[in-house]
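The values are calculated or read from the model by the stated rules, or taken from the named source; none is laboratory data. These figures come from a predicted structure and were not determined experimentally. Neighbour counts are summed over all protein chains in view; Cβ atoms, including those assigned to glycine, are modelled from backbone coordinates with ideal geometry.
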Amino acid sequence: MEQLNNIDVKDGVDIVVSHSPGRGIGADTRRMCHSSEALRDWVRNIQPKLHVFGHVHKNGGKMFRRKETCTSFVNAAMLKVVGIGYRCPLELE
């Protein structure tokens, strides 16, 4: 993840899709290994309209907003708990 700073984004990015969320965004704060500080900083820097991620099943199907950015963050994880049930897909307008 630390290599994200080497990615040159000249024309802007509308959507970022990643497995894990950025640190502190829709992640379980007790299990910080499920998120990335480098990804959080990179997304904050490039300001996409939408960042879609999964990995944190507990918060799946939720959208998050942060005051410091215009990015919408969506946790698209569909499993409620690993091996137990599924959520309906999240629809965005």
Output for segment 56-93, where each listed residue is modelled with pLDDT of 75 or more, surrounded by 15 or more Cβ atoms within 10 Å (Cβ to Cβ) and outside any loop (DSSP other than H, G, I, E, B):
K62, F64, S72, F73, V74, N75
Of all residues in segment 32-53, which are crowded, with 19+ Cβ neighbours inside 10 Å and in a loop (DSSP other than H, G, I, E, B)?
S35, P48
